[in-house]
Amino acid sequence: MAEATHHFPSDFEWGTATSAHQVEGDNSNNDWWEWEQRKNGKVHGDVSSAKACDWWAGRAEEDIQRMAELKTSTHRLSIEWSRLEPEPGQFDNAAFDRYREIIKTMRSAGITPLVTLHHFTTPIWVAAQGGWLQSDAPKTFAAFVERAVGNLSDLVDRWCTINEPNVYSTNSFFLGGWPPGKAGINDYYAALFNLLEAHARSYDIIHDQQPNAQVGLAKHMVYYHPRSISPLDGQVNRIVDRQFNGITLTALAKGRWEPLVGKKVGVDKWRNTLDWIGLNYYMRHNTFFDVSNLSGLGIGYGPRPAEEHGPGGWGEFYPDGLFECIKRLHRSLNLPIYITENGLPDERDRKRPRIMLEYIRRVWTAVMHNYPVKGYYYWSLLDNFEWAEGYDPEFRFGLYEVDFETQERTLKPSGELYGKIAESNSISSEMVRKSAPEAMDSLFPGGLGGS
């Protein structure tokens with residue numbers, strides 16, 4: 001039988017991703033832990049992250065061996081600000097030592113670390129001062145970054161300053177579902193502005209200490225599309241896209257702060273503060289004018305009901321959107337691109353092999369069109385604590401299933417498939433035929449789907 005293979009460049013990197021609060025356990029000094037203890041209905045089941053995946057107590061090392069067994073060569077992790085600086089200006093050397101142990105284990109296993117410095121959690125003492133709404137927040141964060149990079153720069157040369165500043169600002173300061181539970185457009189803009197300022201300051205600090213470091217930011221993008229040709233739907237689409245996607249890209253690419261409401265200003269020092277850009281992509285939303293939401297500018301969005309989508313308000317699984325977002329990032333920034341997160345919630349791992357292949361095929365298409373995509377980090381290595389979704393079984397993203405009672409790990413079929421992709425640096429028709437035969441016609445058209 002004829003076989004076909006989509007090969008990636010020899011230096012393409014395959015990886016996985018986690019974040020500190022979601023896997024470490026007992027992160028009791030940050031705003032998220034405090035939020036979980038409130039039992040305010042904002043976390044599914046009113047649960048605490050508790051032990052999570054128990055990385056801090058010692059299971060990180062065994063999961064690093066799992067990364068190696070998957071034949072991946074890189075892993076994106078975050079370090080927890082509240083562990084390293086539990087009080088203002090007071091740093092915990094034992095916590096730094098633990099991160100050094102974890103990162104050394106990665107390097108010994110042939111896993112290159114990509115370290116994120118802020119992934120949604122903030123020390124309680126910073127939150128008590130006003131968190132990311134106070135004007136000194138970027139300076140406070142920059143002082144932490146200076147100390148953190150100084151302690152880890154001999155082990156790490158690829159840094160991500162901020163994870164998804166638009167998602168964090170939206171959920172924590174506009175929609176109010178995450179701590180501190182604010183809900184207003186002005187708070188959203190204030191927090192996002194401070195996060196971008198913190199990124200720019202961190203970029204300079206890292207390069208002052210480590211001139212050859214590669215510094216980037218993880219930008220979450222939703223692919224928005226108007227539901228119809230109606231001018232009202234089109235206008236809603238422009239508003240939502242600019243608010244969520246465009247404002248950050250304009251700030252980083254052009255040094256311009258252009259909110260929908262409020263003063264527009266030039267911030268030239270934000271330009272040229274990226275060596276690479278990360279793309280976190282999961283979904284598409286159709287946008288439309290919602291007459292029932294006039295107080296919210298008539299904004300409506302959601303997946304098309306007839307299309308495959310995730311649970312709850314999760315959007316549509318739309319692989320073509322990944323390719324479109326890659327193209328947009330390239331047009332905006334013209335920088336090396338890493339897919340720093342991509343995956344899907346799929347409790348029983350029934351859809352994940354097929355949709356993973358569809359997503360990765362779009363990455364291959366982008367590379368073949370000479371877009372500078374350098375690597376792919378699957379989210380996530382493990383089932384973990386999923387923020388407001390808590391431990392809801394519908395929101396399991398891992399290549400490894402985790403029994404949170406016993407901490408037992410079980411490799412899923414999608415994990416086995418991802419390991420084959422990483423090991424071979426390719427997608428083959430044989431892989432598709434075995435793991436997701438229903439995708440043969442879309443991934444390998446031309447008669448390869450027969451038996």
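Derivation of every value follows stated rules applied to the coordinates shown; laboratory data play no part. As the structure is a prediction and not an experimental result, all values here were calculated from the model. Glycine also receives a Cβ, built like all others from the backbone with ideal geometry; neighbour counts cover every protein chain displayed.
Residues in the range 308-348, backbone N under 13 Å from the label point at ASP11 (7 Å along the Cα-to-beta-carbon vector): list them, ranges by number please. Inside the label zone: 336-337. Each part gets one Cα centre, and for the range 378-451 versus the range 81-125 those centres are 29 Å apart.
Remark on the range 162-316: hydrodynamic radius 16.7 angstrom, per the Kirkwood mean of 1/r across alpha carbon pairs. Between the range 307-346 and the range 179-242, how many Å separate their Cα centres? Going from one Cα centre to the other spans 15 Å. Straight-line reach from LYS263: taking Cα to Cα under 28 Å and skipping same-chain neighbours fewer than 8 places apart, the lysines in range are LYS139, LYS182, LYS219, LYS254. The simple Förster model, with R0 at 22 Å and r as the Cβ-Cβ distance, assigns SER426 and ALA68 a FRET efficiency of 0.70.
Normalised radius of gyration (Cα atoms, divided by 2.2 N^0.38 Å) for the range 169-246: 1.44.
In plain terms, the bigger the Kirkwood radius, the slower the diffusion; for the range 1-124, with that radius from Cα pairs, at 4 °C and 1.567 mPa s, Stokes-Einstein puts D at 80 µm²/s. When shorter helices are ignored and each DSSP H run of at least 4 residues is given -39500 (n - 2.57), the per-residue value for the chain at 222 nm works out to -11000 deg cm²/dmol.
A simple charge model with +1 on the Cβ of Lys and Arg, -1 on the Cβ of Asp and Glu and nothing else charged puts the dipole of the range 285-375 at about 380 debye relative to its Cα centre. Applying D = kT/(6 pi eta Rh) to the chain, where Rh is the Kirkwood radius over alpha-carbon pairs, T corresponds to 4 °C and eta to 1.567 mPa s, the Stokes-Einstein value obtained is 58 µm²/s. What the Kirkwood sum gives for the range 324-451 is a hydrodynamic radius of 15.9 Å, with every pair of different alpha carbons counted.
About its Cα centre, the dipole of the chain is roughly 1400 debye, where the only charges are +1 on Lys and Arg Cβ and -1 on Asp and Glu Cβ. Remark: the range 86-225 projects, on average over all directions, an area of 9.6 nm² (convex hull of Cα atoms).
Between ILE185 and ARG147, full extension at 0.36 nm per residue minus the direct alpha carbon distance yields a gain of 10.4 nm.
Other residues lying with their Cβ under 9 Å from the Cβ of GLU386 contribute a combined charge of -2, Lys and Arg counting +1, Asp and Glu -1. Expressed as a fraction of 2.2 N^0.38 Å, the value expected for a compact globular protein of N residues, the C-alpha radius of gyration of the range 132-181 is 1.41. Relative intensity of the range 77-130 on a log10 scale, I(q)/I(0) at q = 0.16, 0.17, 0.23, 0.29 Å⁻¹, equals -0.54, -0.59, -0.90, -1.15, per a Debye sum over C-alpha point scatterers of equal strength in the absence of solvent. Scattering from the range 269-335 was approximated by placing one identical point on each alpha carbon and applying the Debye formula without solvent; log10 I(q)/I(0) at 0.24, 0.25, 0.27, 0.29 1/Å stands at -0.99, -1.02, -1.09, -1.17. Applying 0.36 nm per residue to the separation of ALA57 and VAL267 and subtracting their alpha-carbon distance, the gain on full extension is 71.3 nm.
What's the long-distance tail for the range 51-149, i.e. % of Cα pairs beyond 24 Å?
In whole percent, the long-distance tail amounts to 29.
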